[in-house]
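Undergrad: Okay, handing you the structure first.
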Amino acid sequence: MKTKEYIKNKISSVNKMRKNIKSNFSNKKKIFSTTNFKKINRSLFSRMSLKEQTFFMKRLSFLLKAGIPILESLIMIREQTKQKGLNSILDVVVKDVASGHSLSRSLGKFHKVFGDFSINIISFGESAGILNDNLIYLAEELKKKNALQKKVKSAFVYPIVVTLATLGITGFLMIYLFPKIVPVFSSLHMALPVSTRIVMVLSSFLIHHGIALIIGIIFFVFVFIFTLRKVPKFRFHFDKFLMKIPIIGTVVKHYNLANSTRTIGLLLKSGVTFGETLIIATKVSNNLVYKKEFTAIAEAINRGEQISVYLAKNTEYFPEVLTQIVSVGERSGNLSNSFIYLSDLYEAEVEDFTKNISSLIEPVLMIFMGILVGFIAISIITPIYSITQGLHG
């Protein structure tokens with residue numbers, strides 16, 4: 001009985017909120033004007049993480065499963081949400097749904113936030129009458145994608161930290177410690193080893209031009225990132241270069257294949273045609289090399305060519321295992337399951353790599369750190385040893 005009363009009170013409060021929202025829509029100062037919408041749309045492209053999207057989809061599916069209409073569900077989520085970015089998006093979505101628009105059409109205004117993949121899954125769920133099921137499915141997939149991104153990022157944290165620590169120690173030795181010893185060497189007018197003279201030159205350069213060097217590096221990084229984002233040709237060649245680097249290239253390939261194959265498999269399973277699926281996969285992929293490859297696959301299919309035939313010609317980006325499994329899917333007429341199986345396969349390989357990356361890279365980093373710090377240490381110790389030998393003689 002208490003549960004029924006709670007639900008009734010909640011629905012009545014939602015209805016009141018719905019009336020208030022409708023009255024706000026008719027206000028001249030409403031936030032949904034064209035100008036404000038453009039500001040909202042521009043400011044939220046990068047403000048909604050995959051975790052927040054997963055939370056939104058999961059909560060919406062829960063409310064729909066409980067039998068609450070979609071508009072009331074959206075209002076309830078809007079009432080309970082504290083994130084500014086999601087609040088602004090939900091304001092627009094609630095207005096659109098209250099006006100009779102579909103959820104997918106409203107979310108399409110924020111396609112750079114939610115992505116074509118999510119919007120198409122929701123659109124198919126609305127047309128097929130299985131929106132709740134598709135939202136649950138979508139929430140799980142977004143959760144997997146978020147977990148995969150975190151694993152890849154965390155795998156490279158340790159190497160970056162060790163490299164920065166090594167450079168920091170080297171900088172300390174050359175800027176603060178070594179200059180205090182140099183006057184001793186100069187006063188003795190002795191012949192210094194080559195390694196010591198090299199470190200002296202580098203130390204002098206860092207002391208007098210270190211700030212300029214740091215500014216130059218920051219400027220270079222800024223220009224590099226700007227060019228990477230704004231010049232597609234440069235980004236294409238950079239993506240291609242990354243895939244040729246040992247270890248890193250394998251991770252980049254498997255990560256992109258895991259995301260792409262899962263997108264294709266889920267869209268095919270949701271009833272989207274293969275041609276449309278490839279177009280969406282092209283948009284979803286962040287790697288320009290794979291964008292080009294998926295576009296080429298779509299053109300090959302339009303010519304009547306089988307997918308496996310094209311994949312077999314491009315083993316540089318599509319491993320033989322992928323081609324074989326896709327070929328089996330073509331013969332059995334079950335491509336969706338084949339692509340989902342491939343996504344699980346490549347996700348597992350990326351996960352295994354992230355677990356073992358420390359053991360793979362740690363020896364290389366230790367050697368690098370030992371050579372760099374050892375070189376400076378030898379440059380300091382060698383002349384000191386020569387001096388002590390001379391005094392002893």
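The values are calculated or read from the model by the stated rules, or taken from the named source; none is laboratory data. As the structure is a computational prediction, the values presented were derived from the model and not from experiment. For neighbour counting, all protein chains shown are included, and Cβ atoms are generated from backbone atoms with ideal geometry for every residue, glycine included.
Undergrad: May I ask you to say which residue of G125, G108, G115 is at positive phi, outside any loop (DSSP other than H, G, I, E, B) and not assigned by TED's automatic domain parsing to the domain that holds I279?
TA: G115
Undergrad: Sticking with this one: Return the residues of the range 225-237 that are without any contact (Cβ under 8 Å) to a residue 24 or more places away in the chain, over 26 Å from I361 (Cα atoms) and not charged (D, E, K, R); say none if nothing qualifies.
TA: The answer is F226, T227, L228, V231, F234.
Undergrad: Read through the list (1) part of a helix (DSSP H, G or I); (2) over 30 Å from I136 (Cα atoms), then give the number of the only condition that N256 fails.
TA: It fails just one condition, (2).
Undergrad: Another question, if that's okay. Of everything in the range 74-102, what is closer than 18 Å to N134 by Cβ and within 30 Å of the chain's Cα centre (by Cα)? Give them in sequence order.
TA: If the condition is that a residue be closer than 18 Å to N134 by Cβ and within 30 Å of the chain's Cα centre (by Cα), then L74, I77, V93, S102 are the ones that fit.
Undergrad: Would you please name the residue that is farthest from N256 (Cα to Cα), looking only at residues in the range 114-137 that are modelled with pLDDT of 80 or more and among the aliphatic types (A, V, I, L, M)?
TA: Checked the range 114-137; the qualifying residue farthest from N256 (Cα to Cα) is L131.
Undergrad: Take the conditions assigned to a loop (DSSP other than H, G, I, E, B), modelled with pLDDT under 55, surrounded by fewer than 12 Cβ atoms within 10 Å (Cβ to Cβ) and not acidic (D, E) and apply them to K38. Does it pass?
TA: Judged against the criteria, K38 is not a match.
Undergrad: Another question, then. How do the pairs read when you match residues in the range 238-261 that are in contact (Cβ under 8 Å) with a residue 12 or more places away in the chain with residues anywhere that are of a type in the set (A, V, I, L, M, F, W, C) and outside any helix (DSSP H, G or I), using Cβ under 7 Å and keeping only pairs 6 or more apart or on different chains?
TA: Taking only residues 6 or more apart or on different chains, the pairs are V252/M243; K253/M243.
Undergrad: Out of the residues in the range 72-121 meeting the condition of being among the β-branched types (V, I, T) and within 11 Å of F56 (Cβ to Cβ), tell me which one is surrounded by the fewest Cβ atoms within 10 Å (Cβ to Cβ).
TA: That would be T81.
Undergrad: While we're here: Looking at I378, I357, I325, I361, which is the one that is of a type in the set (V, I, T), in contact (Cβ under 8 Å) with a residue 12 or more places away in the chain and touching a Leu at 6+ places or on another chain (Cβ under 8 Å)?
TA: I325
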